[in-house]
Every structure is written in C-alpha cells, then in structure tokens.
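Chemist: For reference, the structure I am asking about is given below.
The values are calculated or read from the model by the stated rules, or taken from the named source; none is laboratory data. No experiment lies behind these values; they were computed from the predicted model shown. No Cβ is skipped: glycine too gets one built from the backbone with ideal geometry, and neighbour counts run over all protein chains shown.
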Amino acid sequence: MRLSIPCAPPRLRATEAKSKTECMTTTSELLEDAFTRIRDTVRRAVRGLSDDDLAARPGPEANSIAWLVWHLTRVQDDHVAEVAGTEQVWTSDGWFDRFGLPFDADATGYAQSPAEVGQVAGISAEQLVGYHEAVYAATVAYLRTLDDTDLDRVVDTNWNPPVTLAVRLVSVISDDLQHAGQASYVRGLLGL
C-alpha cells in the first residue's frame, strides 16, 4: 500500500521535518514516524528532571514519570522483540542490571500495584532516555525490514480475531502515546 502523506507536517520543527524530496510513502515509514513521535515526547517529558522529580507522584495511587516512561519502554521492547524474534534490549544490552529494579527481568509494569510503581525510583533521566533510545533504535531497525505484506502476519492467536503484526504495532503505539502523554501531564501537575 502506498500512502500520500505530507512531507513536513506544520507542527514539526524544521530540523525534524523530512525534506520535500523525502516524503513518507510506505506503511513502515508511517509506523517509524509514530515511534519517533513517542521518542520525542519521552525526551521532553524527562528533560532536566532529577531522580526525585522523576519518582514524584501526584498522589499515593498515581504513576510517576519514571514509572510511566519505564513501563512504556518495557512494553515496546517486549512486544517488538517478540514479533521480531529477537531478545529484548532490556536484557541483551544490560539495561535490566543497570536499572537495578526489584522486579523479574520479564516485568513490564503491567498490573503493578501502587507499591510496585513506587519502587521505580533512583532512576535518572539519562537512564530512561538511554534505554528508550536503545529500544527505539531496535524498533526502527525492525520496521525497516518490513514491507506491507508482512503486516498481515498473525502474531497472536489468543484473541478473536487473531492479532496481526499491524494491529500489534498500532496497539504498542497507542499504549506508548497514552503513557508518554501521561508523563508530560504529571510533569505539569507537579509544576516541573
């Protein structure tokens, strides 16, 4: 499928926009653009924040910026590695050890309690961005191997209808964008 997508959406800064001769025309390029927007939102959400700022929570049941960014990155890492047939960056690049969190290596944050959310502390903005950048790079490398026919591949038969690669990737994008937006919102709520 060929898409007709504007070369430089008006909201992009000049340094982020593709040139007039470099328009997005494939589905994989569109998906890459979506993951790039997540990466950019993550960078803005954590920029200049201390470890304490990142761990702060607007209420005892609320998520911190650190947890939100860690969780959205873990979900992306987990889900993309699964469909790509690769090891997660979390373990293959040593991020699990560097973060030193009290969770199993396969934890993504799904269904964690408020107490567990509070354990995502002592993590720096550099660590969060570094891990996210590594996952982003692995995601983009995988997306660049795809063509449109790959997107119909069923990757999960536990649902009715079964989940295709396209649906799985859009699901990750949706979840990540929501959490990245929440991290930005928490930053504003805390006056950071």
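Chemist: Does the stretch 118-134 hold any residues that are within 17 Å of residue 176 (Cα to Cα) and not charged (D, E, K, R), and which are they? First the steps, then the outcome.
Modeler: Restricting attention to the stretch 118-134, the residues satisfying the condition of being within 17 Å of residue 176 (Cα to Cα) are 128-134.
128, 129, 130, 131, 132, 134 - these are the residues of the stretch 118-134 that are within 17 Å of residue 176 (Cα to Cα) and not charged (D, E, K, R).
Chemist: For residue 177, state whether it is of a type in the set (A, V, I, L, M), touching a residue at least 24 places away in the same chain (Cβ under 8 Å) and surrounded by 18 or more Cβ atoms within 10 Å (Cβ to Cβ).
Modeler: Values: of a type in the set (A, V, I, L, M): yes; touching a residue at least 24 places away in the same chain (Cβ under 8 Å): yes; surrounded by 18 or more Cβ atoms within 10 Å (Cβ to Cβ): no.
For residue 177, the condition - of a type in the set (A, V, I, L, M), touching a residue at least 24 places away in the same chain (Cβ under 8 Å) and surrounded by 18 or more Cβ atoms within 10 Å (Cβ to Cβ) - is not met.
Chemist: A further question follows. Exposed (fewer than 13 other Cβ atoms within 10 Å of the Cβ) and more than 17 Å from residue 33 (Cα to Cα), is that true of residue 122? Steps first, answer last, please.
Modeler: Numbers: exposed (fewer than 13 other Cβ atoms within 10 Å of the Cβ): no; more than 17 Å from residue 33 (Cα to Cα): yes.
Answer is no for this residue.
To keep it simple, each residue is scored yes or no on (1) aliphatic (A, V, I, L, M); (2) within 15 Å of residue 72 (Cβ to Cβ).
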site: 155; (1), (2): yes, no
site: 162; (1), (2): no, no
site: 174; (1), (2): no, yes
site: 181; (1), (2): no, yes
site: 185; (1), (2): no, yes
site: 192; (1), (2): yes, no
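Chemist: Answer yes if at least one residue in the stretch 130-148 is farther than 20 Å from residue 37 by Cβ and modelled with pLDDT under 95, and no otherwise.
Modeler: Of all residues in the stretch 130-148, those farther than 20 Å from residue 37 by Cβ come to 145, 147-148.
Next, only the ones that are modelled with pLDDT under 95 stay: 147-148.
Yes, because at least one residue in the stretch 130-148 is farther than 20 Å from residue 37 by Cβ and modelled with pLDDT under 95.
Chemist: Still on this structure, please answer the following. Tell me, please, whether a residue that is surrounded by 16 or more Cβ atoms within 10 Å (Cβ to Cβ), farther than 27 Å from residue 146 by Cβ, out of contact with any strand residue (DSSP E or B) (no Cβ under 6 Å at 6 or more places or on another chain) and in contact (Cβ under 8 Å) with a residue 12 or more places away in the chain can be found in the stretch 30-45.
Modeler: Yes, that holds for at least one residue.
Chemist: Test residue 127 against the stated conditions and say whether it is in contact with a helix residue (DSSP H, G or I) (Cβ under 7 Å, 6 or more places away or on another chain), in a helix (DSSP H, G or I) and farther than 27 Å from residue 30 by Cβ.
Modeler: Here the answer is yes, as residue 127 does meet what is asked.
Chemist: Take the stretch 133-166 and flag every residue that is aliphatic (A, V, I, L, M), more than 14 Å from residue 85 (Cα to Cα) and surrounded by fewer than 16 Cβ atoms within 10 Å (Cβ to Cβ). Don't jump to the end; show me each part of the working.
Modeler: First pass over the stretch 133-166, keeping only residues aliphatic (A, V, I, L, M): 134-135, 137-138, 140-141, 143, 146, 151, 154-155, 163, 165-166.
Of the ones still in play, those that are also more than 14 Å from residue 85 (Cα to Cα) are 134-135, 137, 140, 151, 163, 166.
Result: 137, single match.
Chemist: Would you tally the residues in the stretch 150-165 being in contact (Cβ under 8 Å) with a residue 40 or more places away in the chain and touching an Asp or Glu at 6+ places or on another chain (Cβ under 7 Å)?
Modeler: Of the residues in the stretch 150-165, 1 are in contact (Cβ under 8 Å) with a residue 40 or more places away in the chain and touching an Asp or Glu at 6+ places or on another chain (Cβ under 7 Å).
Chemist: Sort out which residues of the stretch 73-98 are surrounded by 14 or more Cβ atoms within 10 Å (Cβ to Cβ) and more than 24 Å from residue 36 (Cβ to Cβ), and write them in order of number.
Modeler: Within the stretch 73-98, 91, 96 meet the criteria.
Chemist: Looking at this structure, is residue 65 closer than 29 Å to residue 165 by Cβ and either surrounded by fewer than 18 Cβ atoms within 10 Å (Cβ to Cβ) or modelled with pLDDT of 95 or more (or both)? Let's see the steps before the verdict.
Modeler: Working: closer than 29 Å to residue 165 by Cβ: no; either surrounded by fewer than 18 Cβ atoms within 10 Å (Cβ to Cβ) or modelled with pLDDT of 95 or more (or both): yes.
So residue 65 does not fit the description; no.
Chemist: Need the failing condition index for residue 50 against (1) crowded, with 19+ Cβ neighbours inside 10 Å; (2) at pLDDT 95 or above, just the number.
Modeler: For residue 50, the failing item is (1).
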